[in-house]
Amino acid sequence: MGAALLQISGLTKTYNKRIILDNINMSVQEGTIVGLVGPNGVGKTTLMKCILELTPFSQGEIVVNGQTITARKKPKITEIGALIESPGLYTYLSGMDNIRLYTNDVDEALLERVITIFKMDHYIQKKVSGYSLGMRQKVGILQAIITGKKVVILDEPINGLDPQSVVDFRTIIQDLAATGVTFLISSHLISELERLADNLYILNNGGHLEAFDIRGGDANHWFELATTNNNKLLTELTQATISTHQAHGRVVVNLATEATTKTVFNIIAANHIEVTEIRQTDDDLEMQILDQMKRGK
Ligand SMILES: Nc1ncnc2c1ncn2[C@@H]1O[C@H](COP(=O)(O)OP(=O)(O)OP(=O)(O)O)[C@@H](O)[C@H]1O
């Protein structure tokens with residue numbers, strides 16, 4: 001781990017006087033993979049566009065590999081590759097021609113390796129007009145990473161990829177990160193980001209960005225309780241401002257602290273509810289992130 005390759009300080013962005021990004025701060029160290037999640041329309045793409053200078057912002061500063069962007073200062077950022085929204089490809093050209101047209105600066109060994117991993121050999125020389133969504137997406141990913149830039153921004157890169165390709169994508173990205181490439185990746189697939197990313201940020205409605213501790217914090221503290229009166233328990237827990245919801249016919253609750261655990265079981269006893277089964281949830285992180293998103297509203 002070295003210096004911060006991407007540093008965002010006090011970034012504020014509005015569209016028609018509506019605040020989309022509100023005093024955003026983010027620091028991404030060299031060789032790390034940062035995930036970005038948030039509800040639809042919250043501003044994830046807008047944040048990425050600010051970093052790529054595709055949209056102006058009113059306040060704050062973004063530093064990419066030592067080059068500083070402000071509301072007034074717009075340097076040509078050299079060390080950045082990106083896939084934003086869906087890849088803009090010329091459909092009458094082949095995937096390979098699209099890549100060659102996009103840049104002269106191709107890392108040939110990397111290109112060959114990614115084509116092999118993504119199993120693109122049989123179509124990369126054919127016209128894009130015959131490609132599926134996932135095939136186009138892979139060309140877009142290639143364009144973003146193939147020039148060997150130090151910082152790569154990928155907006156919903158897993159969209160349209162089949163399960164094997166998602167695994168292949170993870171291999172490609174983690175291998176590159178191990179060589180020092182720094183990634184900011186947005187996705188709605190939280191479970192995939194959990195596997196892929198080193199750090200996670202949540203962008204909430206109102207444009208507030210929060211760091212999420214992906215490897216620690218409340219992990220492994222979510223439990224599903226099968227009880228004789230789920231509705232009563234849900235109501236009582238909610239009244240006691242304890243995070244809870246129902247899943248698989250059980251009450252799901254976070255028992256991260258001793259105090260919460262005591263409160264939950266006191267509520268159960270006081271209401272004569274019987275617990276017939278307790279099991280740890282296997283989707284802890286997803287629950288926590290959704291919970292943090294709800295609280296961030
Ligand atoms: N050019 C624009 N002019 C005005 N408003 C815009 C413009 N582009 C985006 N917005 C608004 O900014 C907000 C954030 O949009 P953005 O595309 O960044 O969201 P997102 O988090 O990437 O959403 P999704 O998860 O659905 O892709 C939305 O409310 C959108 O309507």
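The values are calculated or read from the model by the stated rules, or taken from the named source; none is laboratory data. All figures in this text were calculated on a predicted structure; none of them were measured in a lab. Cβ placement follows ideal geometry from the backbone for every residue including glycine, while neighbour counts extend to all protein chains displayed.
When LEU111 is tested against (1) modelled with pLDDT of 90 or more; (2) part of a loop (DSSP other than H, G, I, E, B), just one condition goes unmet, and that condition is (2). When the stretch 240-256 is limited to residues that are within 27 Å of the chain's Cα centre (by Cα) and assigned to a loop (DSSP other than H, G, I, E, B), the one that is modelled with the highest pLDDT turns out to be ILE242. Show the residue pairs meeting these rules: Cβ distance below 8 Å; 6+ apart or different chains; first residue within the stretch 14-31 and of a type in the set (Phe, Trp, Tyr); second residue buried (at least 18 other Cβ atoms within 10 Å of the Cβ). Short answer, once both residue conditions are applied: TYR15/THR46.
Select from the stretch 147-157 the residues that are assigned to a loop (DSSP other than H, G, I, E, B) and buried (at least 22 other Cβ atoms within 10 Å of the Cβ) and write down the one among them that is nearest to the ligand (Cβ to nearest atom). So, considering only residues that are assigned to a loop (DSSP other than H, G, I, E, B) and buried (at least 22 other Cβ atoms within 10 Å of the Cβ), the one nearest to the ligand (Cβ to nearest atom) is PRO157. Tell me, please, whether a residue that is within 15 Å of the ligand (Cβ to nearest atom), in contact (Cβ under 8 Å) with a residue 24 or more places away in the chain and outside any strand (DSSP E or B) can be found in the stretch 68-78. No, there is no match, as no residue in the stretch 68-78 is within 15 Å of the ligand (Cβ to nearest atom), in contact (Cβ under 8 Å) with a residue 24 or more places away in the chain and outside any strand (DSSP E or B).
If the condition is being of a type in the set (Lys, Arg) and in contact with a Leu (Cβ under 9 Å, 6 or more places away or on another chain), then the stretch 238-263 contributes only ARG250.
Residue count for the stretch 115-138 under the criterion of being outside any loop (DSSP other than H, G, I, E, B) and within 27 Å of the chain's Cα centre (by Cα): the result is 9. So, in the stretch 5-46, of the ones that are assigned to a strand (DSSP E or B) and among the charged types (D, E, K, R), which residue ends up farthest from the ligand (Cβ to nearest atom)? Result: ASP22.
Checked against the criteria, LEU101 does not count as in a loop (DSSP other than H, G, I, E, B), modelled with pLDDT under 95 and aliphatic (A, V, I, L, M).
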